[in-house]
Amino acid sequence: MTTVRTPPTLKSTITTRTVVGQLARFEGLRLLRSPFTWIGTAGSIALIWYWLGGVAPILQRDVVFLAGAMLPLAASTLLAANEATLHRRRNTETLTTLPRGDSEPVWGIQTGIAGPVAVAVVVQTIGIIYLLSGGPIGWIDWWELAVGPVMVAVFGLAGVFLGRTFRHSIVASVTLVGIAFLQLMASPDVQIFSPEPGPTASVEWLAPWMIPSNFQSVEDLISRPSVLHLVYLLLLGGLLVGLGVPGRSRGGRLIRLSAAGVFTLAVVAVSINMNQQLPTRFDWQAAADSQACEVNDGIEYCAFSAYQPWIQRWQET
């Protein structure tokens, strides 16, 4: 009688978290070394200097431009992440890491986007230090400032999604052109959606960055839908994470497509029901009644309470 023994099945001691962590470190370093990231970082620094260099700092205005200056870095992150995803599709191995399926490599690239996001945080921190060193007035709107790193992450996730969906890198470049057109259309001063100049709040929050209107005073910046815009970007990023990961079942793909449909309907509904111009929450009459006045060399200077530290600058000028 012959006894056939089946060799025991050994379970892998390497967890999915370990695999994704190794891939994330590798992909994150590759994204940081990418020429796209270096060019985008240089472009963001140049924009910060162009917009904020040599101007009297007003924090609630300047943090808006500080976040918008991350657009070049965000665009370069999209291209770099798309390139990494296409490379992954052509080469399934990465150093000594052996992915367990199709999802782990994508999760690794998505997590590796934290590298460019960290670069955005560092650049913005340097920008904030520069603003604080100039004797600024006002306060930091953290909702507006957070748009910069979140925008970089969303663009990177979009690059992964495009790499998973299309096999040609030209699609990423065409997508950037479309995003630039969307950014232009959502500008409050382009007058595409409104015959009158001024902010068009029903569409401006759909763009990656809400461009401030030239017809809007600094005080009226508090009426911008900054919280809504940031939540919109976060939800869009979460949706791109789900759509970028390969679906293992028909039901999973259906759930993701349904989530995309619900998200689109919600965005359209909010845009339609939002007023074309949000009412300002700044009380001009109360501010005028509480102006601080000082007399220097026979000249009386009056300013809103937030601008009182600048009276001495005016007198020196």
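The values are calculated or read from the model by the stated rules, or taken from the named source; none is laboratory data. Being a predicted model, the structure only gives us computed values, none of them experimental. Note that each Cβ is placed from the backbone with ideal geometry, even for glycine, and that neighbours are counted across all protein chains shown.
Any residue in the stretch 219-228 that is assigned to a loop (DSSP other than H, G, I, E, B) and modelled with pLDDT under 85? Yes, the stretch 219-228 contains a residue that is assigned to a loop (DSSP other than H, G, I, E, B) and modelled with pLDDT under 85.
Restricting attention to the stretch 69-78, the residues being surrounded by 24 or more Cβ atoms within 10 Å (Cβ to Cβ) and assigned to a helix (DSSP H, G or I) number 6. With respect to GLY108, determine if the residue is modelled with pLDDT of 90 or more and in a helix (DSSP H, G or I). Against the criterion (modelled with pLDDT of 90 or more and in a helix (DSSP H, G or I)), GLY108 does not qualify.
Among GLY53, GLY28, which is the only one that is crowded, with 21+ Cβ neighbours inside 10 Å and either at pLDDT below 95 or more than 23 Å from TRP143 (Cα to Cα) (or both)?
GLY28
Here is a yes/no grid of residues against (1) at pLDDT 90 or above; (2) surrounded by 20 or more Cβ atoms within 10 Å (Cβ to Cβ); (3) basic (Lys, Arg); (4) not in a helix (DSSP H, G or I):
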site: PHE155; (1), (2), (3), (4): yes, yes, no, no
site: LEU162; (1), (2), (3), (4): yes, yes, no, no
site: ARG167; (1), (2), (3), (4): no, no, yes, yes
site: GLN183; (1), (2), (3), (4): no, no, no, no
site: PRO188; (1), (2), (3), (4): no, yes, no, yes
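Note on the stretch 41-61: residues that are part of a helix (DSSP H, G or I) and more than 16 Å from the chain's Cα centre (by Cα) amount to 9.
Number of residues in the stretch 254-300 that are surrounded by 10 or more Cβ atoms within 10 Å (Cβ to Cβ), of a type outside the set (Gly, Ala, Ser) and at pLDDT below 70: the value is 9.
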